[in-house]
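To keep things clear, I will list the structure first and then write my remarks on it.
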Amino acid sequence: MVTENREMVTTNEAAELLKVKPSTVHKYVKEGKLHPVYEDSWHIDTTKLFYEDEVLSLKSNLVKPGITTGEAAELLGIHPTTVSLYIQQGKLLAEKKKYRGRELYFISSDEINRMKNELTKSKKRLQKNFYDKDTGYAWFQSFIDKEGNNNNRIIVDELRQPYLQTHNGNRIPYREIEKQGYKPAFPIPNIEYKNKKGTAKFRFQKSEFIYRVIELFYNHVGPKNMNVIIQGNHEILVEIKPSLIKEVLSEESFEQLKGTLIEGSISKRLDGFYIDSGLEILSIGVPAKLKNRIKVEAKKQKVNIEDVVVSILTTYYNNHDNNTSE
């Protein structure tokens, strides 16, 4: 005897509500996702009957209520663990919803677009902030924990936000490093700014060897005489003022470092190796209006006038070479 006054729908009507084929409705019945009102009288009614509210409930469980964390990672170009971290920190708004029997985090498309813009702005804003004057910490610097392990290192995420990656894979928020008892393995010295013109440039692929090289530069050149820029997810561009690095590298390590040089020169010395910019002085006079335009551009890019001029000339001759070769 039926005691419930609930609306019922046929197999075809259930298929329309679910936006699937009738055969899929039969599949849901076999899988136990949907239960007919009458298990054994379909031949009398010529169709299976279902409670409409149960069909609608199944529909809400089948339709994905947003973007998953995995999909968000792909859309934003960041690691899934970073997405989870941002959700925990409140940087990325997400809501837990039930989907296919599981409680999952879902993110709206508007929130994904907001985070995309934030990622773009942050990359531009934090591109050169590799050194923190207040703490004396720098990207890729190594730290010692309370047990004496020194293979803990500052890493930078996709938002150019630094955190401490510990030797056992944990992430320590940047502002918690000191509180949790971690200390720099090699405090970075305050080396005065060098007046020599130009820089040598190295392009590195992220690796433990490269992290040690960058730390070597910190200790012998100082943050005032270098720049560290992350390009994409795996490349690091390092610019170094002409300097003598008083550290003897093995032949293999020296050749490996030399192979990453894209501008300038590097040569061995008895007590280490010398990095030179290879810069030649070119003195020219330009109209005042042109100079003012260059000054405005330099201020906008937060570089010096020479960098702007060199960039313009390099772009011009690269385009010229490309046009000539066509």
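Of note:
- Subset of the stretch 80-104 that is open to solvent by 50 Å² or more (accessible area, probe 1.4 Å) and in contact with an Asp or Glu (Cβ under 7 Å, 6 or more places away or on another chain) - its residue that is modelled with the highest pLDDT: 93
- Only listed residue being touching a residue at least 60 places away in the same chain (Cβ under 8 Å) and open to solvent by 20 Å² or more (accessible area, probe 1.4 Å), chosen from 250, 265: 265
- In the stretch 125-220, counting only strands (runs of 3 or more DSSP E) that sit wholly within it, the ones holding 3 or more residues that are among the β-branched types (Val, Ile, Thr) span 152-156.
- Count of the stretch 139-151 residues which are among the polar types (S, T, N, Q) and either open to solvent by 20 Å² or more (accessible area, probe 1.4 Å) or within 15 Å of residue 179 (Cα to Cα) (or both): 3
- Residue identified as closer than 26 Å to residue 139 by Cβ and in contact with a Gly (Cβ under 7 Å, 6 or more places away or on another chain) among 245, 230: 245
- Pairs where the first residue, in the stretch 307-319, is under 21 Å from residue 227 (Cα atoms) and the second is open to solvent by less than 80 Å² (accessible area, probe 1.4 Å) and part of a helix (DSSP H, G or I), C-beta under 8 Å, 6+ apart: 307/298; 308/294; 308/297; 308/298; 309/294
- Condition check for residue 311: within 28 Å of residue 205 (Cα to Cα), among the small types (Gly, Ala, Ser) and in contact with a strand residue (DSSP E or B) (Cβ under 8 Å, 6 or more places away or on another chain): no
- In this entry, residue 158 passes the filter for residues that are among the acidic types (Asp, Glu) and buried (at least 17 other Cβ atoms within 10 Å of the Cβ).
- Answer residue from the stretch 273-305, given it is surrounded by 15 or more Cβ atoms within 10 Å (Cβ to Cβ) and charged (D, E, K, R) and is nearest to residue 217 (Cα to Cα) among those: 276
- The set of residues in the stretch 58-78 that are surrounded by fewer than 14 Cβ atoms within 10 Å (Cβ to Cβ) and modelled with pLDDT of 80 or more comprises 70, 74, 77.
- Look at (1) more than 24 Å from residue 249 (Cα to Cα); (2) surrounded by 17 or more Cβ atoms within 10 Å (Cβ to Cβ) and you find that residue 184 fails only one, number (1).
- Considering residues of the stretch 148-193 that are in contact with a strand residue (DSSP E or B) (Cβ under 8 Å, 6 or more places away or on another chain) and hydroxyl-bearing (Ser, Thr, Tyr) only, the residue modelled with the lowest pLDDT: 174
The values are calculated or read from the model by the stated rules, or taken from the named source; none is laboratory data. All figures in this text were calculated on a predicted structure; none of them were measured in a lab. Every residue, glycine among them, receives a Cβ derived from its backbone with ideal geometry; neighbour counts consider all protein chains shown. What goes into the accessible areas is simple: the full protein's heavy atoms, side chains included, and nothing from ligands, DNA or RNA. Shrake-Rupley method; radii C 1.70, N 1.55, O 1.52, S 1.80 Å.
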